[in-house]
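Visitor: Below are the structure tokens for one structure; questions will follow.
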Amino acid sequence: MGEQRRERADAARNRRAILEAAEELLRRHRPDEVSVEQVAAAAGVGKGTVFHRFGSRAGLMLALMEERAQELSEAIAAGPPPLGPGAPPHERILAFLDAMVALASRNVGLITAHEHAVATQRNAAGPREANPVYRRWHDHVSELIARARPDLDAALVAHLLIGSLHNEPVARLLLDGESGRLAAGLRSLATSLLGPGSARSMGDQRSVPGGRS
């Protein structure tokens, strides 16, 4: 039992060291310049350890994305309204879109690194289909749209709203520091789809949870 506990503790330390090394490298280098070999060296572990823990470079970036998105997931599930439960659907959608943009703007390098890793990984699914963070966000927004506008194709509209972050010109806005412009555009689009009730709450969405820079 003692040996098993030590192995688990070593595995947890290795995982944390690898994630922290990846974060630091992404702060200092372009996403496509950060390799598994570099991460392993910076973490003080072997390359095989990284692959054992995360499966691939894409898996490593995905694990880091999930960690960054955890605070937003918790706020959606149990935080105060309008981001959390208790507000009308249109207010929750607007609050979520603001939160999504804020999180993406603070983690644009990581998002780019993950998509680059997925694009260069053999036999990989598309970044959206393979990304549980995206799936959770899509399910959340789809449900809210269905409640606010039962006449709409909620699943498709949710893809249109959330999937915009995967569009190269939109990603360029984040890289150029124009997250406010992107958030305003998404709010306008959502308001035009959801009706006038959402327009009244557009000005109320401000500070939201996000990840570290």
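Visitor: Hey, among the residues in the range 73-114 that are more than 29 Å from A148 (Cα to Cα) and open to solvent by 50 Å² or more (accessible area, probe 1.4 Å), which one's modelled with the highest pLDDT?
Guide: Residues of the range 73-114 that are more than 29 Å from A148 (Cα to Cα), as a first pass: 106-114.
Keeping just the survivors that are open to solvent by 50 Å² or more (accessible area, probe 1.4 Å) gives 106, 112.
Details: R106: 84, T112: 77.
Filtering the range 73-114 for residues that are more than 29 Å from A148 (Cα to Cα) and open to solvent by 50 Å² or more (accessible area, probe 1.4 Å), the one modelled with the highest pLDDT comes out as R106.
Visitor: For A199, state whether it is over 23 Å from the mean Cα position of the chain (by Cα), at pLDDT below 85 and open to solvent by less than 70 Å² (accessible area, probe 1.4 Å).
Guide: On the way: over 23 Å from the mean Cα position of the chain (by Cα): yes; at pLDDT below 85: yes; open to solvent by less than 70 Å² (accessible area, probe 1.4 Å): yes.
The answer is yes for A199.
Visitor: Now a separate question. Here is a list of conditions, (1) modelled with pLDDT of 90 or more; (2) closer than 30 Å to A184 by Cβ, and P31 meets all of them except one; can you say which number that is?
Guide: So the condition that P31 fails would be (1).
Visitor: Name the pairs: first residue in the range 39-56 and within 12 Å of R15 (Cα to Cα), second residue loosely packed, with under 15 Cβ neighbours inside 10 Å, Cβ to Cβ under 8 Å, at least 6 apart or on different chains?
Guide: Matching pairs, first to second residue: A40/G46; A40/K47; A43/E20; R53/A11.
Visitor: Does G55 satisfy being open to solvent by 60 Å² or more (accessible area, probe 1.4 Å), over 19 Å from the mean Cα position of the chain (by Cα) and at positive phi?
Guide: Values: open to solvent by 60 Å² or more (accessible area, probe 1.4 Å): no; over 19 Å from the mean Cα position of the chain (by Cα): yes; at positive phi: yes.
Taking the combined requirement at face value, the residue does not satisfy it.
Residues checked against (1) within 21 Å of A102 (Cα to Cα); (2) of a type in the set (S, T, N, Q); (3) open to solvent by less than 70 Å² (accessible area, probe 1.4 Å):
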| residue | (1), (2), (3) |
| --- | --- |
| R27 | yes, no, no |
| R30 | yes, no, no |
| V34 | no, no, yes |
| A41 | no, no, no |
| K47 | no, no, no |
| G59 | no, no, yes |
| L62 | yes, no, yes |
| M65 | yes, no, yes |
| A69 | yes, no, yes |
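Visitor: Examine the range 116-123 for a residue that is modelled with pLDDT of 85 or more, surrounded by fewer than 20 Cβ atoms within 10 Å (Cβ to Cβ) and either in contact with a Pro (Cβ under 9 Å, 6 or more places away or on another chain) or acidic (D, E) (or both), and state whether such a residue exists.
Guide: There is no residue in the range 116-123 that is modelled with pLDDT of 85 or more, surrounded by fewer than 20 Cβ atoms within 10 Å (Cβ to Cβ) and either in contact with a Pro (Cβ under 9 Å, 6 or more places away or on another chain) or acidic (D, E) (or both).
Visitor: Then there's this: Quick one: which of L194, L160, L173, L186 is open to solvent by less than 20 Å² (accessible area, probe 1.4 Å), of a type outside the set (V, I, T) and at pLDDT 85 or above?
Guide: Checking each option against the conditions leaves just L186.
The values are calculated or read from the model by the stated rules, or taken from the named source; none is laboratory data. On a predicted model such as this, the values are computed, not experimentally measured, just so you know. Glycine also receives a Cβ, built like all others from the backbone with ideal geometry; neighbour counts cover every protein chain displayed. Note: accessible area is taken over every heavy atom of the protein model, side chains too, but ligands, DNA and RNA are not part of it. Shrake-Rupley method; radii C 1.70, N 1.55, O 1.52, S 1.80 Å.
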